[in-house]
Amino acid sequence: DAGVIQSPRHEVTEMGQEVTLRCKPISGHDYLFWYRQTMMRGLELLIYFNNNVPIDDSGMPEDRFSAKMPNASFSTLKIQPSEPRDSAVYFCASSRDRGHEQFFGPGTRLTVL
Amino acid sequence: KQEVTQIPAALSVPEGENLVLNCSFTDSAIYNLQWFRQDPGKGLTSLLLIQSSQREQTSGRLNASLDKSSGRSTLYIAASQPGDSATYLCAAGSRTYKYIFGTGTRLKVLA
């Protein structure tokens with residue numbers, strides 16, 4: 001398996017623009033997680049899905065952030081409008097089942113100017 | 001609210017040393033605990049996962065232990081190598097399957 005795939009790997013945009021991050025989980029994994037990593041706050045869980053259904057989005061910082069999982073092989077994290085404080089590395093991870101280990105993608109480094 | 005602390009924040013050791021990384025958590029009602037490694041500019045690589053009913057897990061030169069009552073987990077690395085240099089993160093998983101990460105220990109193994 002190719003592992004968790006994320007795109008783009010790097011994104012530079014200007015404040016106010018819409019940003020869409022994409023993730024393809026490992027085939028057969030029922031759980032998908034979106035994390036954000038910054039120097040100040042470390043690694044934070046934003047939202048996670050089980051069988052394509054959002055279970056907990058309490059980590060989503062503001063209404064500017066939204067996530068979808070239209071099918072078992074694809075998820076998006078959208079920021080609209082983006083702000084400089086959204087600059088971070090965004091990771092997607094997947095897990096086969098509850099209690100199983102999580103596998104992380106390579107991350108998307110987002111810079112908002 | 002679960003808080004996870006890792007001490008030390010950074011560690012530098014000569015090659016061949018055995019070392020211990022510490023992870024403390026405030027809420028002992030965890031579902032599991034996972035150790036990861038992160039190389040600079042890369043994603044996280046899973047090392048070991050310990051379920052709440054387990055005391056330890058081993059993989060090669062790595063051994064992770066879990067003591068829920070004291071809110072501690074340790075990662076033991078035997079015979080360290082320069083290739084072990086990375087940041088090591090622990091994550092406490094709750095029963096609602098939310099993972100809280102520590103801030104990590106940056107390890108440097110000197111050749």
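Please treat every number below as a calculation from the coordinates, not as lab data. These figures come from a predicted structure and were not determined experimentally. Every residue, glycine as well, gets a Cβ built from its backbone with ideal geometry; the counts of neighbours run over all protein chains shown.
Checking the cross-link pairs A:78/B:98; A:68/B:108; A:68/B:68; A:24/B:1; A:78/B:68 against a 28 Å limit on the alpha carbon distance flags A:68/B:108; A:68/B:68; A:24/B:1; A:78/B:68 as lying beyond it.
Global size of segment B:25-111: 13.0, 43 Å for Rg and Dmax (C-alpha atoms, Rg to one decimal, Dmax whole). Can you compute the label reach from residue B:19? Point 7 Å from Cα along the Cβ direction, backbone N cut-off under 16 Å, restricted to segment B:35-56. Counting backbone N atoms under 16 Å from the label point, the list is B:36-40. Across the protein assembly as shown, the volume of the C-alpha convex hull divided among the residues equals 121 Å³ per residue.
In segment A:1-88, which trypsin sites (Lys or Arg not before Pro) fall in coil by DSSP and have 12 or fewer other Cβ atoms within 10 Å? Sites meeting the loop and neighbour criteria: A:9, A:41. Checking every one of the chymotrypsin sites (Phe, Trp or Tyr not before Pro) in segment A:1-87 against DSSP loop status and a limit of 15 other Cβ atoms within 10 Å picks out no site at all.
Which one, B:23, B:81, B:53, is farthest towards the positive end of the dipole of segment B:1-85 when Lys and Arg carry +1 and Asp and Glu -1 on their Cβ? So the residue we want is B:53. Just checking the listed ones, B:64, B:91, B:78: in the Gaussian network model of chain B with Cα springs under 10 Å, the one fluctuating most is B:78. With each label modelled as a point 7 angstrom along the Cα→C-beta vector, the residue B:53-residue B:2 pair spans 1.9 nm.
Kirkwood analysis of the Cα pair distances in segment A:31-113 returns a hydrodynamic radius of 13.1 Å.
Computed log10 I(q)/I(0) for segment A:70-113 at 0.24 Å⁻¹: -0.94, from the Debye equation with unit scatterers placed on every C-alpha and solvent omitted. What's the local net charge at residue B:44, with K and R +1, D and E -1, over the other residues with C-beta under 15 Å away? That works out to +2. Exactly which trypsin sites (Lys or Arg not before Pro) in segment B:16-62 are in a DSSP loop and have at most 15 other Cβ atoms within 10 Å? Passing both the DSSP loop test and the Cβ count: B:42, B:55, B:61.
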